[in-house]
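Input: a single structure, listed below in structure tokens.
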Amino acid sequence: NAGVMQNPRHLVRRRGQEARLRCSPMKGHSHVYWYRQLPEEGLKFMVYLQKENIIDESGMPKERFSAEFPKEGPSILRIQQVVRGDSAAYFCASSPTGRNEAFFGQGTRLTVV
Amino acid sequence: DAKTTQPTSMDCAEGRAANLPCNHSTISGNEYVYWYRQIHSQGPQYIIHGLKNNETNEMASLIITEDRKSSTLILPHATLRDTAVYYCIVRSSTGANNLFFGTGTRLTVIP
């Protein structure tokens, strides 16, 4: 059973471009969580999704950021018109239900130049 | 979810037990205590969780006080690879819930 897979592991984007981060949860997991970690800072919750539904997006910036978890395929975190301040590690976690332990991927490191 | 308080940093000698405390005095009856760790810049790693009974697995032991207001994560024989930031998180068992990470304890295992 493969773990949570995130790709790409590293992503470089120029200011103003779009960044798409993908997260494939563990098999049988229908709950996905996205976190952001700025350099030298802690993990900040962004959004929690269940298949085709957003459960909690209280940590998501109101503009430029969106997330989805379609019925088929990975969860996508999309950042439009990236700025330097978006440079961070983005981690995804999955769990079978919203009440079990969640398992994390190795993250996508986004660098905006 | 209830808040947790952890020391900012701790040192432990290699081979000795590492005891990481966590205070969660406002925990409610349906909230679990979870522990995760993050080694350097890797993804957080699940360690253990419990409700009110002590728990043990291949990685660690979790001791929860009888009043549930605090807990201790014990790594029985710390190795250099256990150097990491350890997070204590309180999470409700009802409904679907996310995990909120605080600042954690930076554990340094010293040779």
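Per q in 0.17, 0.25, 0.31 1/Å, what log10 I(q)/I(0) does a Debye calculation on the alpha-carbon atoms of the range B:29-70 return? Those come out to -0.50, -0.86, -1.08, one per q.
Quick one: dipole size for chain B, taken about the Cα centre, charges +1 on Lys/Arg Cβ and -1 on Asp/Glu Cβ, in debye to the nearest 20. Using Cβ point charges on Lys, Arg, Asp and Glu, chain B gives about 160 debye.
From the largest down, chain A spans 37, 26, 25 angstrom on the principal axes of its Cα atoms.
Working note: Karplus 6.51/-1.76/1.60 with θ = phi - 60° gives the range A:8-18 the couplings x, 6, 9, 9, 10, 10, 7, 3, x, 7, 9 Hz, where Gly and Pro are set to x. Near B:Val85, once Lys and Arg are set to +1 and Asp and Glu to -1 for all other residues with Cβ below 10 Å from its Cβ, the sum equals +2.
Converting the Cα gyration tensor eigenvalues of the protein assembly as shown into ellipsoid dimensions via √(5λ) gives semi-axes, longest first, of 30, 20, 15 Å. Normalised Debye scattering of the range B:16-111 at q = 0.19 Å⁻¹ gives log10 I(q)/I(0) of -0.88, counting only Cα atoms as equal scatterers and leaving out solvent. Entry note, the range B:4-111: relative contact order of 37 percent, from Cα contacts under 8 Å with a spacing of 6+ residues.
Within the protein assembly as shown, the cysteines lacking any other cysteine Cβ closer than 4.7 Å to their own Cβ are B:Cys12.
We did not get these values from a lab; they are worked out from the coordinates using the rules stated. Since we're looking at a predicted model, the values are computed, not measured. We place every Cβ from the backbone using ideal geometry, glycine too, and count neighbours over all the protein chains shown.
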